[in-house]
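Worksheet: the structure to be examined is printed underneath.
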Amino acid sequence: MPASSLISASGGLLWHAKAILRYRNLWSDFTNRIERFLLDWKADMALGPGPQPKGLLLLGPSGGWCLPTQGFIETFPSLIAVDPDPAARAIFLKRFRPQMSPTVGNAPAQEQTWVPSHFERVLPALLTRHPHHAVLFCNVLGQLRYQDDKTIERIEFELGQIKLMLEGRHWASFHDRISGDAQINAQQELEFFSPTPVQTQALAKRVAKGGEWLDHLTSDVLPAQTGRRFLAWPISRDRLHWIEAGWVGATRGKQAN
């Protein structure tokens, strides 16, 4: 097995081993909040004008550790998952196949495709081939910060272009905004909503009590008029990530959270 299967910047077997130990306890509050976010997005799509998405482009799901195993993924007629981690597909399918595979009534079983690639390399082609699929970035955009072959300015530019690339379709993202060495305490704020963008310095001032915090360069991912939720994710006992989550409706000008 290649070394890349064991460890990488955002995946590998060591990551999955940590996730197995953490997702039921340390991450449970965070994953419950992500579940509510995704179900709210799904309900908003159902209420919105125009046809419903014919499927879901799931970008960077890893093993699906942050995703609800029931009530969301399996509701889409077609699923196309994109992740470069060679261990991700087997783990994801093991966790989600019982919910996704069976035929319910006269409805056909969900069509499933797994693309072993970095999403940046295949997204334009997938958007062209599947113009009626919704798009979900699964805590992946903040990981572009670790690409050594691009400058910070280049990464910020590419992240800022996503909302233009996806204009006219349903899409959502939850992504790292800042991260640092910290622990959650009983008095700490765990989630808040903002109807407008929150600049990185303002976010750090609100949620970070001192210390050094890494900017994940994702402040310009969502359109300015999009509401957003900010969620605390204790990725380990001693390190905390603040996640920004928001969705955009398919109709021009209809953006909600």
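The values are calculated or read from the model by the stated rules, or taken from the named source; none is laboratory data. As the structure is a prediction and not an experimental result, all values here were calculated from the model. So basically every Cβ, Gly included, is an ideal-geometry build from the backbone, and we count neighbours across all protein chains shown. Heads up: the accessible areas ignore ligands, DNA and RNA and are worked out on the full protein's heavy atoms, side chains in. Shrake-Rupley method; radii C 1.70, N 1.55, O 1.52, S 1.80 Å.
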Inset, instruction - Return the carbon/sulfur percentage of the accessible area of the chain, one whole number, probe 1.4 Å, all protein chains in place. - result: 54
Inset, instruction - Please label the shape of the range 183-236 as rounded, prolate or oblate, based on the square roots a ≥ b ≥ c of the eigenvalues of the alpha-carbon gyration tensor (a/c under 1.5 means rounded; beyond that, a/b larger than b/c means prolate, else oblate). - result: prolate
Inset, instruction - Return the Cα extents of the chain along principal axes one, two and three, sorted largest first, each rounded to a whole Å. - result: 56, 47, 39
Inset, instruction - Please work out the Cα center distance from the range 32-97 to the range 139-202, rounded to the nearest Å. - result: 19
Legend entry - Exposed-loop-free span, longest in the chain, where GluC sites (Glu not before Pro) count as exposed if DSSP calls them loop and at most 13 other C-beta atoms lie within 10 Å: 1-166
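What is the sum of charges around Asp215, taking Lys and Arg as +1, Asp and Glu as -1, for the other residues whose C-beta is under 11 Å from the C-beta of Asp215? Kindly include the intermediate steps, with their values, before the conclusion.
Values: positive: Arg145, Arg177; negative: Glu156, Asp176, Glu212.
Overall, the nearby charge balance is -1.
Name the longest site-free stretch of the chain, where the excluded sites are trypsin sites (Lys or Arg not before Pro) in a DSSP loop with no more than 12 other beta-carbon atoms within 10 Å.
Values: sites that count: Arg24, Lys209, Arg237, Arg252.
In the chain, the maximal stretch lacking such sites is 25-208.
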Inset, instruction - Just tell me which lysines come within less than 28 Å, Cα to Cα, of Lys163; anything on the same chain fewer than 8 places away is out. - result: Lys42, Lys54, Lys150, Lys205, Lys254
Legend entry - Per residue, in Å², the accessible surface of the chain once ligands and nucleic acids are set aside, probe 1.4 Å: 49
